[in-house]
Amino acid sequence: MKAVQVKEHGGPEVLGFADIPIPEPRADEVRIAVKAAGMNHLDLWVRKGVEGHTFPLPLVLGCDGAGVIDASGELVRHVKVGDRVAISPGLSDGSSPESLRGEHNLSRDYGIVGETRDGTNAEFLCIPARNVLPMPEDMSFENAAAAPLVFLTAWHMVVNRCGIKAGDDVLIHAAGSGVSMAAIQIAKMHGARVFTTAGSDEKVKRGLELGADHAFNYRETDFRKEVAKITNKRGADIIVDHVGGENFAKSIRTLARGGRVVTCGATADPALISDIRLIFFKNLSILGSTMGGMGEMHEVWGHLCAGKLKPVVAEVLKLDDVARGHQLLEERAVFGKVILKP
């Protein structure tokens, strides 16, 4: 089968097309004929490499995907050949105390498809049967592949880590990113007033269309002053910031007393810059978040299947155009998810 495989870290030039054997499912696995693969910033980090972290190269990229089960291990009972399914990308063996209470993202053996084992940028993929998500008939493969990683991440950040409640003021940075588009919808679902930032007027408009109550072009407007003005100087209860650096420091200053800022990444700058006195004077919380538990995945998937939350697809490319997909993500040139079609 054809697959996008990285053998060494580097720029887009290391994206290679390999002709590798079609995998065979183990007893508790299914094999999926991939119909759509969603791209994420994690694909860029795996390609480039992360200091201090070792990836199991060579590795097939891709965290999200959807397709049709075409083979099944002998222990699999709850799904069958021919089922349309999406992939829950978080992996653990399921036996740890954390996994057994539905929080497998806290397990020491936790991994992600396309990061710790071969991913979805291929014609076929084997995955543990417990990681498949049945699709409703009216859901497209493209929308299914656009959803799991970012909606699970956003749900865990906003609902689990920050404990959102009706009436909260929530600031979500980078409206055009997949996680932020999901977070805007999740915050509105819970009755919050939502502020968002973006780097262009077009993305500001799209953020408002997604449900944000207020949106600011951060290149032209000081979001801290705008949030202070609208909240009568109170500030935001929750801030979703995966930008990092100076933006993160400014987010901390934008929080209301007792507020919490949550991060799942640092696309601009990993440095943590803050005046510690602000944190204890204002009773602030700085929260880290990675993915979410399997219980949360099924909860948010139910909302997606019911149409209460909606993926945003920006571009659909052929698998051969994967380098173009990486370029679009690196340049932040799209509002929504980039999808690859094997």
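The values are calculated or read from the model by the stated rules, or taken from the named source; none is laboratory data. Predicted model, so just to flag it, every value in this text is computed and none were measured. Ideal geometry is used to build each Cβ from the backbone, glycine not excepted, and the neighbour counts take in all protein chains shown. The accessibility values were calculated without ligands, DNA or RNA, using every heavy atom of the protein model including side chains. Shrake-Rupley method; radii C 1.70, N 1.55, O 1.52, S 1.80 Å.
Cross-linked pairs Lys80/Lys337; Lys2/Lys80; Lys203/Lys337; Lys35/Lys80; Lys233/Lys308; Lys203/Lys318: Cα-Cα separations exceed 21 Å for Lys80/Lys337; Lys2/Lys80; Lys233/Lys308; Lys203/Lys318.
Heavy-atom accessible area, probed at 1.4 angstrom with all protein chains present, ranks Phe195, Phe141, Phe280 as Phe280, Phe141, Phe195, highest first. Using C-alpha pairs below 8 Å separated by at least 6 residues, the relative contact order for region 164-210 is 44 percent.
Highest mean packing comes first when the peptides 218-231, 12-25, 255-268 are listed by Cβ atoms within 10 Å, giving 255-268, 218-231, 12-25. Taking a ≥ b ≥ c as the square roots of the eigenvalues of the alpha-carbon gyration tensor, region 29-178 is classed rounded because a/c is under 1.5. With the helix formula -39500 (n - 2.57) applied to DSSP H stretches of n ≥ 4, the chain reaches a computed 222 nm mean residue ellipticity of -7500 deg cm²/dmol. The fraction of Cα-Cα pairs per 10 angstrom bin, counted from 0 for the chain, comes to 6, 26, 34, 23, 9, 2, 0 percent, rounded to whole percents. Within a straight-line Cα-Cα reach of under 15 Å, Lys282 can be paired with the following aspartates and glutamates, leaving aside sequence neighbours fewer than 8 residues apart in one chain: Asp237. Bridging of Lys48 to aspartates and glutamates at a Cα separation below 16 Å is possible for Glu8, Glu13, Glu115, Asp269, Glu330, Glu331, once same-chain residues fewer than 8 apart are set aside.
Relative to the current alpha-carbon distance between Ile20 and Val68, full extension at 0.36 nm per residue lengthens the span by 15.3 nm. Rounded to the nearest percent, how much of the accessible area of the chain (1.4 Å probe, protein heavy atoms only) is carbon and sulfur? Its accessible area is 50 percent carbon and sulfur atoms.
For the chain, what does the accessible surface come to per residue with a 1.4 Å probe? Please give it in Å². Can you show the working numbers first?
Numbers: 14740 Å² over 342 residues.
Heavy-atom accessible area per residue stands at 43 Å².
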